[in-house]
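Bear in mind that the values in this text are calculations on the coordinates, not laboratory data. The structure displayed is predicted, hence computed values, not measured ones. When we count neighbours, we look across all protein chains shown, and the Cβ atoms used for this are built from the backbone with ideal geometry, even at glycine.
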Amino acid sequence: MQSNLFLANYQIQRILGQGGMGVVYLARHTQIGKLVAIKELAPQYSKDIALRLRFKNEAALMANLNHPNLVTLHDYMETPQGVYLIMEYVEGITLEHYIRNVTGIIPEDKAVAIFKQILEGVGYAHSRGIVHRDLKPANIMLTGEGNVKILDFGIAKNLYASERAFTQVGLKIGTIYYMSPEQVLAKELDRRSDIYSLGVLFFEMLTGQNPYQHLESEYEISHKIVHEPLPTLRELYPNIHPYWQKVISKATQKTVGTRYQYITQFIEALQVTLEPVVPNFLKKLPHEADPEHTVEWKIRKSASPEAKTEISFAQNSAIAEALREPVVTQEPEVSLFENEFGKLTNKQLTYLKGRDYFEAGKEETLPLASIANIQLQTNRELASGVFFSILLGGLLLGGFWNTWSWLIALPFLPVAGICFTQFPAIIITKKDGKKAVMRGWYWHTEQAREFADLAQKELNTRK
């Protein structure tokens, strides 16, 4: 469409943006003067059934969303000339433009305020069973009032839908810089894929750079996303508070089960109070101070008693860094993992005391600070296996021609075999030297290994 053309009651004003699948126009309603954004599926794609279906899917998804941080859909139109979405017009700039051309690194307090709005919008979509799948700064609009609007649900997926030809497993769609490992591998996606993308987006807001922007090939980017953690925040911005590293590391875990499982957990992780502290060496008396870590004070007396004292610090990098170093006064408890062996949070471990082959065990909770280590061991019940094998052999040999002996012996055959397989045992060693053991059957091995590995990994982060 060209400027001054009409679509129903809308007069086209100008082009707002252009992408791979179509063009977005600014238009005005001829009767009431309301400005809207009209998204047109590119003419060369409008006859493609799959793409038209995806475009219509976007309309269906947006029609069911009503949230202040999501762009509103007003109407959907199909004409002989094309297919169109009539959407809310958001006057502002994209987060991508804001980072690249306005601020670069966004100050932490402002970044958190913006990011909370993004999380609120995405969390609302997730509560409606919708995964965005292409979260990136270019799809986030910032208004002049400081409000956030999330755009482009063109490749979003409704998790409650049964089958969609345009969202099949094996179809990798999205922007690779912000993809989750499972998205790169074209696996089935859920809300936790969006959580990974949000972690990368938050990384870019706090450092002013995408972690992969220096890489040239899609292969290199894909390999790092799947196999390597993100660079640390301080590699790109040394003055960032270390707490945000924990938040982003949690959101961008390679295994979906170790990330934040819900947007609400991500939001909770932002609810902290960060305060600057004076390092201990600055509290020493002057004669005790380390000459390499001193503060130079320059005081000018003013003729006026009301004048302010003028102070300047020496350019000492150690002091400057220390003065910038805040402390976390409160860290919320966040659920990290749960299976039939227990539950892990960032503060404590709940396990099943006395769990054995025929005992469910009783829940007991330990602070992580009281645990020395957690190990997984495996063993075979050889004595039981030998016993059942002898019993089985005796029944078969003693009643070779007896049908009842065979019928009695057959159930013991798998039991004897199971006894020679590996049985998992999780050993929790406390700092006081006491130990707790949880045992399981051989089919519990993978769950036991996952529980032990994740719990030990969380302990290691605190050492």
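Side notes on the structure shown:
- With both labels modelled 7 Å from their Cα along Cα-to-Cβ, the Leu368 to Glu91 distance reads 4.8 nm.
- For the pair Ile390 and Arg14, label points projected 7 Å from Cα toward Cβ lie 9.3 nm apart.
- J(HN,Hα) series, the stretch 41-58, from Karplus relation 6.51 cos²θ - 1.76 cosθ + 1.60, nearest Hz, glycine and proline x: 5, 3, x, 5, 9, 5, 9, 7, 4, 5, 6, 4, 5, 5, 5, 5, 4, 4
- Within-15-Å neighbourhood charge of Lys434 [Cβ basis; K, R +1; D, E -1]: +2
- Overall form of the stretch 1-125 per C-alpha gyration tensor (a/c, 1.5; a/b vs b/c): prolate
- Pairwise label distance in nanometres, Glu228 with Lys116, each label 7 Å out on the Cα-Cβ vector: 3.5
- Calculated FRET value between Tyr237 and Phe6, using beta carbons and R₀ = 41 Å, to 0.05: 0.25
- The residues Arg234, Arg259, Arg439, when put in order of fewest to most other Cβ atoms within 10 Å, stand as Arg234, Arg439, Arg259.
- Take the Cα of Glu145, go 7 Å toward its beta carbon, and the backbone nitrogen atoms of the stretch 46-90 under 16 Å from that spot belong to 67-72, 88-90.
- All other residues whose Cβ lies under 11 angstrom from that of Ile225 are scored, Lys and Arg at +1 and Asp and Glu at -1, for a net of -2.
- Multiplying the residue separation of Gln81 and Asp356 by 0.36 nm and removing their Cα-Cα distance gives an extension gain of 92.1 nm.
- Listed by Cβ neighbour count within 10 Å, with the fewest neighbours leading, Tyr442, Tyr84, Tyr177 appear as Tyr442, Tyr177, Tyr84.
- Full extension of the segment from Lys47 to Arg128, taken as 0.36 nm per residue of separation minus the current Cα-Cα distance, would add 26.2 nm.
- Footprinting exposure proxy for Tyr262, Tyr10, Tyr357 (fewest neighbouring C-beta atoms within 10 Å first): Tyr357, Tyr262, Tyr10
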